[in-house]
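These notes are about the structure you will find just below.
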Amino acid sequence: MPLVTGISPVLLVADLGRSAGFFGEQLGFTCRLHGDPPNFATATRDGETILLSLAGPSHTVVPNWQIVEKLWDVYIRVDDVDAVYAEVQERGAAIDYTIYNAPHGFREFGVQDPDGHDIAFGQPLS
């Protein structure tokens with residue numbers, strides 16, 4: 001049976017350059033812009049990719065939490081969440097919610113991108 005080899009969430013963004021800058025500078029992803037002019041980007045870190053797509057000027061970007069309270073747009077599983085927490089703070093990312101042991105069995109924290117998407121980083125509790 002064929003294997004799923006990855007899953008890439010797609011975030012709609014209002015300003016592609018601003019969003020790519022956030023993922024690169026604040027979260028440590030490598031970003032590549034595509035199109036002329038750019039209308040799509042890949043943000044990759046450790047072999048995992050988030051896709052960024054430019055929303056048209058007449059469209060409003062609506063993060064999940066504005067529809068369902070406290071719902072993430074992206075949940076990124078990591079092997080050392082405390083180290084990632086320290087790293088993104090050092091990079092200057094504003095923390096949306098501080099690191100804690102969540103009742104669903106993950107140690108996690110969250111940030112928001114420039115469009116208000118909630119991005120969580122989590123590690124399963126042992």
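Here are a few things to note about the model shown:
- Projected label distance in nm at ARG77 and THR49, using a 7 Å step from Cα toward the beta-carbon: 2.1
- Extension gain (nm, one decimal) between PHE40 and VAL68, 0.36 nm per residue minus Cα-Cα: 7.5 nm
- Stretching GLU87 away from ASP15 to a fully extended chain increases their span by 23.5 nm, per 0.36 nm per residue minus the current alpha-carbon distance.
- For region 85-126, the extents of the C-alpha atoms along the principal axes are 31, 21, 11 Å, listed from largest to smallest.
- Cα-based helix-to-principal-axis angle, 81-90 vs the chain, degrees rounded to 10: 50
- With both residues required to sit in the chain, DSSP beta bridges show an antiparallel share near 75%.
- Exposed-loop-free span, longest in the chain, where trypsin sites (Lys or Arg not before Pro) count as exposed if DSSP calls them loop and at most 14 other C-beta atoms lie within 10 Å: 1-69
- With semi-axes defined as the square roots of five times the eigenvalues of the C-alpha gyration tensor, the equivalent ellipsoid of the chain measures 24, 17, 15 Å, largest first.
- Between amide H atoms placed 1.01 Å from N, distances below 5 Å from VAL13 occur with SER53, LEU54, ALA55, all of them 5 or more places distant or on a separate chain.
- GluC sites (Glu not before Pro) restricted to DSSP loop in region 52-126 with at most 11 other C-beta within 10 Å: GLU69
Rule-based calculations on the coordinates, nothing more; no lab input. Note that this is a predicted model, so its numbers are computed, not measured. Methodologically, a virtual Cβ is constructed for each residue, glycine included, from the backbone with ideal geometry; neighbour enumeration extends over all protein chains shown.
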